[in-house]
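Okay, handing you the structure first.
The values are calculated or read from the model by the stated rules, or taken from the named source; none is laboratory data. The shown structure was predicted, so the numbers you read here are calculated from the model rather than taken from an experiment. Quick reminder, even Gly has a Cβ in these numbers, built from the backbone with ideal geometry, and neighbours come from all protein chains shown.
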């Protein structure tokens with residue numbers, strides 16, 4: 001289990017396996033236990049400075065070596081790469097090109113974490129698409145972790161969307177190795193509050209057992225401007241997430257941006273807020289949109 005109790009009676013364990021993740025507790029090793037556990041996933045892929053690539057950036061896939069070089073020279077330690085979304089007709093975008101990008105990034109010492117955007121229209125479909133990324137292995141190249149991009153709001157009522165999100169999360173947990181890191185890429189917690197009807201009663205507590213890392217899409221450029229407001233907005237996202245999960249030491253990697261709408265001063269505020277709250281890492285969306293004034297600030301997030 002990721003954050004559940006470390007002792008399970010035999011019947012509960014049997015039920016968890018028999019239901020293949022449809023019901024039951026997480027099978028992850030407890031992250032909060034004071035005792036070291038070899039099953040617990042290493043979270044280094046989410047530490048320090050990251051960068052994002054989606055499937056709408058064909059240049060990045062067509063020029064994997066240049067993409068990896070551009071990211072690494074800026075201090076990027078992990079690439080977060082989209083594999084597909086609920087509306088596309090492929091499980092993994094351009095598998096050969098994806099393999100080449102993985103190889104180029106790994107050769108430069110970077111990790112690569114896959115991410116997938118579910119629609120929540122069909123739990124089995126979204127689960128299969130997610131597992132296609134997790135199980136991707138081509139020419140000896142595979143991903144170092146996986147993130148579920150939780151934002152699509154087409155399914156209503158909201159309670160049904162939340163139930164399906166939790167169901168997918170449970171299945172992912174049950175069908176990945178305990179030491180394989182999973183992240184919840186969630187809407188901005190403060191943005192959820194401000195949006196009102198977008199996703200009320202977001203199921204933080206129900207999701208918590210199934211994820212190792214939380215990656216809120218802070219995206220402050222949609223909400224605020226200027227150093228002070230960006231700083232406060234970013235810190236508020238951290239506070240809400242810690243409060244909602246009841247975990248003041250929750251592993252958080254915040255995502256800022258949008259890069260081409262953020263001034264250098266606003267990017268500095270984002271970075272300052274992450275450093276003040278001692279977050280494990282951060283990034284800005286996305287790699288292709290990030291300018292020199294942003295990189296000048298983001299480099300402060302890079303781990304030694």
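Looking only at the stretch 124-140, filter to residues that are in contact with a helix residue (DSSP H, G or I) (Cβ under 9 Å, 6 or more places away or on another chain) and crowded, with 18+ Cβ neighbours inside 10 Å; which one of those is nearest to residue 177 (Cα to Cα)?
Step by step, filter the stretch 124-140, then rank; the result is 134.
Then there is this: Hey, any hits in the stretch 172-184 for a residue that's more than 24 Å from residue 112 (Cα to Cα) and free of Cβ contacts under 8 Å to residues at least 60 places away in the same chain?
No.
Please go through the stretch 101-133 and pick out each residue that is closer than 26 Å to residue 158 by Cβ and assigned to a strand (DSSP E or B).
Result: 115, 116, 117.
Continuing with this model, one more query. Every residue in the stretch 134-154 that is in a loop (DSSP other than H, G, I, E, B), in contact with a strand residue (DSSP E or B) (Cβ under 6 Å, 6 or more places away or on another chain) and under 21 Å from residue 174 (Cβ atoms), please.
Within the stretch 134-154, 143, 144, 150 meet the criteria.
Here is a further query. With the condition kept exactly as written, say whether any residue in the stretch 55-68 is farther than 24 Å from residue 169 by Cα, out of contact with any helix residue (DSSP H, G or I) (no Cβ under 6 Å at 6 or more places or on another chain), outside any helix (DSSP H, G or I) and modelled with pLDDT under 95.
no
Residues are listed down the side, and each one gets a yes or a no for (1) modelled with pLDDT under 95; (2) in contact with a helix residue (DSSP H, G or I) (Cβ under 8 Å, 6 or more places away or on another chain); (3) more than 26 Å from residue 111 (Cβ to Cβ); (4) not in a loop (DSSP other than H, G, I, E, B):
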position	(1), (2), (3), (4)
1	yes, yes, no, no
4	yes, yes, yes, no
14	yes, no, yes, yes
22	yes, yes, yes, no
33	yes, no, no, no
36	yes, no, no, no
41	yes, no, no, no
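Further question: Conditions first: (1) in a helix (DSSP H, G or I); (2) in contact (Cβ under 8 Å) with a residue 40 or more places away in the chain; (3) closer than 22 Å to residue 248 by Cα. Residue 275 passes all but one, so which condition is the exception?
(2)
Kindly check whether there is at least one residue in the stretch 155-166 that is touching a strand residue (DSSP E or B) at 6+ places or on another chain (Cβ under 7 Å), touching a residue at least 12 places away in the same chain (Cβ under 8 Å), in a helix (DSSP H, G or I) and over 29 Å from residue 95 (Cα atoms).
The answer is no, given that none of the residues of the stretch 155-166 is touching a strand residue (DSSP E or B) at 6+ places or on another chain (Cβ under 7 Å), touching a residue at least 12 places away in the same chain (Cβ under 8 Å), in a helix (DSSP H, G or I) and over 29 Å from residue 95 (Cα atoms).
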